[in-house]
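Note sheet for the following structure.
The values are calculated or read from the model by the stated rules, or taken from the named source; none is laboratory data. Note that the coordinates shown come from a computational prediction; the quantities given were computed from them, not determined experimentally. Positions of Cβ are backbone-derived with ideal geometry, glycine not excepted, and every protein chain shown enters the neighbour counts.
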Amino acid sequence: MANKYRDKTVPEIETEMPEIQNETQQEKKPRKTRKKGVLAKGLSSVFSGSFLTSEKTIKHLPYILFLTAIAVFYIANGFYADDKIRQVNKLSNEIKEKHSEFISTTTELMFVSKQSEVAKSAEVLGLKESVEPPVKIKVDSLQLKENRKN
């Protein structure tokens, strides 16, 4: 599309302006009024607030309240579940810590209760490890009964 005003002078352009304006006005046709769709009617009634006064809304009010209550319970249940998940994770971490503490304490106890470690700690107190093996003492049961009576 070429520029038709490039070669013309300013007075010629001004005389043609009313013609151009008339052409654009003729091109504009009045729009036909379209019918509103169901969605458009519904949205306009919601935004204007007129749906609250209709008979259908009042008729369905218990159902709407029921759905609202279910939605509130659904949201509350989600928060409750998240809280429980956090508690479970916290307790499982605590169990892992206690288990590792148990293992380290058990290992330390086994090390301290070895014969060589017991001998070292007894030396500090002045006790010595026996070199002789233990001896069994045999006592007759009759003698034991007599000794108990006396």
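Can you spot a residue in region 72-80 that is under 30 Å from S121 (Cα atoms) and modelled with pLDDT of 85 or more? Scanning region 72-80 turns up no residue that is under 30 Å from S121 (Cα atoms) and modelled with pLDDT of 85 or more.
Residues in region 95-141 that are touching an Asp or Glu at 6+ places or on another chain (Cβ under 9 Å) and assigned to a helix (DSSP H, G or I): F111, Q115, V118, A119, A122, E123. Taking the criterion of being more than 30 Å from S130 (Cα to Cα) and at pLDDT 95 or above, would at least one residue in region 104-111 satisfy it? Yes, the conditions are met somewhere in region 104-111. Does K36 qualify as being basic (K, R), without any contact (Cβ under 8 Å) to a residue 12 or more places away in the chain, surrounded by 10 or more Cβ atoms within 10 Å (Cβ to Cβ) and not in a helix (DSSP H, G or I)? Criteria met by K36.
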